[in-house]
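Before any comments, here is the structure.
The values are calculated or read from the model by the stated rules, or taken from the named source; none is laboratory data. Everything numeric in this text was worked out from a predicted model, so none of it was measured. Don't worry about glycine lacking a Cβ; one is built from the backbone with ideal geometry, like all the others, and counts go over all protein chains shown. Note: areas computed on protein heavy atoms with side chains; ligands, DNA, RNA excluded. Shrake-Rupley method; radii C 1.70, N 1.55, O 1.52, S 1.80 Å.
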Amino acid sequence: MKSFHKVISAFSMAAILASANAAEIKIGVIMPITGAVAAYGQTAWAGIEIANKISPTLKNGDTIKLVLIDNKGDKVETANAATRLITEDKVSALIGAMVTANTQQVLQIAEEKRVPVVAPAATADKLLDRAKFGARVTFMDSFQGTTFAKFAIKNELKSAVIVTDQSTSYSLGLARAFKKEFEKSGGKVLNELKISSGDKDFKAIVSQIASLNPAIVYVPVYHPEASLLVRQARQIGVKAVFGSGDGVSNDTFLQLAGDASNGYLYTDVFDSANPPTQVSKDFIAEYSKSKKGADIPGFTALGADSYLLLLDAMNRCDNPSDPICINQKIKNTQKFEGVSGYINIDKKGNAVRSVVIKEIKNGKVTYKDTVNP
């Protein structure tokens, strides 16, 4: 009995010592919690928070502290946030921002300071070409746009009008990839129409779409413009199928588009009704308790995966707060089991992963297909 008590005491002492030696490691998070694309930041932040709740510590007992700054979707605010988090808060890594243009701001500053960045949702193909300290957990536009074009042709949607936001690299990249694959696969692009972020009156655009009568209208833009455009198109009787990239993957698009969203197709990273991993199932269970629902937005899954990818890299470092080691381990990530599926990270930091295609039916998002790389 004395021997047993000695063993228990030894374990207790070891636990006390481990707790005393545990460090606090900071991860900076830059998200648009307010502003025009707040829906993206809020949903991603929800995923990061829940992932942190599930896994708040590293294997060695170190605690992870999240430091969130709202960039309001603004480039200057983004740059200021990145600088503050690195120089004042002394974070070991960054998650952010959301849209490509703001993520580029984060990467530029992090590159100078040699601090790793994981981007949850920035999809531009060339985003990481010069970023030695950057990575992402989402797919690239070329894969997203190409996959959707193949899906359209497969479903006999062989004539298209493309509506591009000429002010965003996200939209231009998706449009370029879609057009190339669509025409290569036998489809015909009837016209390419241009809009800009912030536009609200699309009467001229939808009139042109109506006169061309395409089978599908591909709208690779963010949800504020996409929702208004499809509403105005339906108001004048346009019957074509509408489709987008992951820029409409949020509840705000459904609310803004209303009944006009019925039949809308888009690409995404995750479908909570078809969880691809055990990590997905565990996350869904926790999300259901925290958010009182089980329908998880793709950006929420990507936010969680950004956090969990960093933890995985930190756990493989002798010094888990060392930004250089964290960055190296991220680039050596293979078969990472995330909320949104299995992810491999290549030498540039790009994610090799699947894409999910969804359809909105009667105000609800439904699963259509999963396409693997």
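Which residues, counting only those in region 275-315, are under 18 Å from the mean Cα position of the chain (by Cα), touching a residue at least 12 places away in the same chain (Cβ under 8 Å) and in a loop (DSSP other than H, G, I, E, B)?
Going through region 275-315, the residues under 18 Å from the mean Cα position of the chain (by Cα) turn out to be 275-277, 279-280, 283-284, 287, 295-311.
Subset that is touching a residue at least 12 places away in the same chain (Cβ under 8 Å): 276-277, 279-280, 283-284, 287, 295-311.
Passing the criteria: Pro276, Thr277, Asp295, Ile296, Pro297.
Here Gln255 fits the description: open to solvent by 60 Å² or more (accessible area, probe 1.4 Å) and of a type outside the set (Val, Ile, Thr). If you go through region 176-188 and pick out every residue that is within 17 Å of Asp165 (Cα to Cα) and either without any contact (Cβ under 8 Å) to a residue 12 or more places away in the chain or open to solvent by 20 Å² or more (accessible area, probe 1.4 Å) (or both), you end up with 2. Considering only residues in region 151-165 that are assigned to a helix (DSSP H, G or I) and aliphatic (A, V, I, L, M), the one that is surrounded by the fewest Cβ atoms within 10 Å (Cβ to Cβ) turns out to be Ile153.
The requirement of being surrounded by fewer than 22 Cβ atoms within 10 Å (Cβ to Cβ) and in contact (Cβ under 8 Å) with a residue 60 or more places away in the chain is fulfilled nowhere in region 200-209; no residue meets it. Filtering Ser340, Ser321 for residues that are open to solvent by 10 Å² or more (accessible area, probe 1.4 Å), of a type outside the set (Val, Ile, Thr), at negative phi and in a loop (DSSP other than H, G, I, E, B) leaves a single hit, Ser321.
Tell me yes or no: at least one residue of region 347-368 is buried (at least 16 other Cβ atoms within 10 Å of the Cβ), over 19 Å from Asp141 (Cβ atoms) and in the same structural domain as Lys113 (by the TED database). Scanning region 347-368 turns up no residue that is buried (at least 16 other Cβ atoms within 10 Å of the Cβ), over 19 Å from Asp141 (Cβ atoms) and in the same structural domain as Lys113 (by the TED database).
Which is in contact with a Cys (Cβ under 7 Å, 6 or more places away or on another chain), open to solvent by less than 30 Å² (accessible area, probe 1.4 Å) and closer than 23 Å to Lys65 by Cβ, of Ile330, Ile326?
Details: Ile330 fails: in contact with a Cys (Cβ under 7 Å, 6 or more places away or on another chain).
Just one listed residue meets the conditions, Ile326.
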